[in-house]
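The values are calculated or read from the model by the stated rules, or taken from the named source; none is laboratory data. Everything numeric in this text was worked out from a predicted model, so none of it was measured. Methodologically, a virtual Cβ is constructed for each residue, glycine included, from the backbone with ideal geometry; neighbour enumeration extends over all protein chains shown. For the accessible areas, the whole protein counts, side chains as well, though only heavy atoms, and no ligand, DNA or RNA atoms are used. Shrake-Rupley method; radii C 1.70, N 1.55, O 1.52, S 1.80 Å.
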Amino acid sequence: MRIAVFGANGPTGRHLTDQALAAGHEVVAVTRRPGSLSARPGLTVAVADATDPAAVHAALDGTDAVLSALGARFSKETITTYSASATAITEGMARHGIKRLLVVSSSIADPNWRPTGAHFFNHVLDPLVNRRLGRTLHEDMRRMEDEIRATDLDWTLVRPSGLFEHPVVTDYRTTETSADGVFTARVDLAASMLRELEERRYVRTAMGVITTAVKPNIAKLIWNEGVKKK
């Protein structure tokens, strides 16, 4: 399968690209920074801003499915990365007749998500970090989800919990809507997306993904994911 990966040079996008190539797929890595991706068999680099309809349309030519791992940092200002890219990508897919779309969102997009037994997270970290510091980011994620739900594509909204780095794929868990857990390793998130691409268990619904075998340092996770500038 020939897969377009948006955000291919980002933390999750790199895992997606590596795992897809290892599985024998062809990958069109869509990025604004092509120099950060090394040449490999099966890899094509497309230089495009994911919010630019014309550039997205060109990048999607000849692809069979689209996986988006686009991301943004917390900001007090209005964020539009998720919703604007959703518009450009879904319109480009419609023009090319591409049906399959998997997009990284967040468990926070589910208003009823509260991990079982996670008292400190539910009552301290979530209100402070996700609902306050990350408010504008998650508002735009919800706009993105609404835009994608309104299409006739075969979409899957992929909802990880707190993202962190881990070297190998674990025995991760997936479930419809959102998963009952606080953390998701990026390598597991990528693996779950590629598996769903093949199995199609969560078409036109949301898929929660969590990692339970290992846990990150919470303070380091907040710094790396929400505060530190790259």
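Structure above, values below:
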{"read-out": "Net lengthening on full extension, Asp146/Arg73 (0.36 nm per residue, minus Cα-Cα)", "value": "24.2 nm"}
{"read-out": "Accessible area of the chain belonging to carbon and sulfur atoms, whole % at 1.4 Å probe", "value": "52 percent"}
{"read-out": "Arg2/Ser36 FRET efficiency (R0 22 Å; Cβ-Cβ; nearest 0.05)", "value": "0.55"}
{"read-out": "Solvent exposure, largest accessible area first (probe 1.4 Å, DNA, RNA and ligands not counted), of Asp61, Asp49, Asp171", "value": "Asp171, Asp61, Asp49"}
{"read-out": "Helix axis angle, 81-96 relative to the chain longest principal axis, alpha carbon, degrees", "value": "30 degrees"}
{"read-out": "Cα long-axis angle, helix 186-199 against the chain (0 to 90 degrees, to the nearest 10)", "value": "50 degrees"}
{"read-out": "Solvent exposure of the chain as accessible area per residue, Å², 1.4 Å probe", "value": "47 Å²"}
{"read-out": "Long-range Cα-Cα pairs in the chain (distance over 28 Å), rounded percent", "value": "24 percent"}
{"read-out": "Charged-residue dipole, Cβ positions (Lys, Arg, Asp, Glu), the range 47-153 about Cα centre, Debye nearest 20", "value": "440 debye"}
{"read-out": "Degrees separating the helix 135-149 axis from the principal Cα axis of the chain, which is the longest one", "value": "50 degrees"}
{"read-out": "Residue-level accessible surface for Glu91, protein heavy atoms, 1.4 Å, Å²", "value": "100 Å²"}
{"read-out": "The range 1-65 shape via C-alpha gyration tensor axes, a/c threshold 1.5", "value": "oblate"}
{"read-out": "At R0 = 35 Å, FRET efficiency that the Cβ-Cβ distance of Ala94 and Arg131 yields, to 0.05", "value": "0.55"}
{"read-out": "The range 9-145: C-alpha gyration tensor shape, a/c 1.5 cut-off, then a/b vs b/c", "value": "prolate"}
{"read-out": "Linear extension gain, Thr170 paired with Phe120, 0.36 nm per residue minus alpha-carbon span", "value": "15.5 nm"}
{"read-out": "Within the range 122-161: Cβ-based charge dipole about Cα centre, in debye rounded to nearest 20 (Lys, Arg +1; Asp, Glu -1)", "value": "320 debye"}
{"read-out": "Charge dipole magnitude, Cβ of K and R +1, D and E -1 - the range 24-67, Cα centre, debye nearest 20", "value": "220 debye"}
{"read-out": "For the range 40-53, Karplus couplings with θ = phi - 60° (6.51, -1.76, 1.60), whole Hz, Gly/Pro x", "value": "8, x, x, 9, 10, 9, 10, 8, 7, 7, 5, 9, 9, x"}
{"read-out": "Options Ala88, Thr63, Thr31, ranked by Cα towards positive dipole end of the chain, top entry (Cβ charges)", "value": "Thr31"}
{"read-out": "Compactness index (Cα Rg / 2.2 N^0.38 Å), the range 19-97", "value": "1.16"}
{"read-out": "Between the range 123-161 and the range 27-76, the Cα center-to-center distance that results, in Å", "value": "21 Å"}
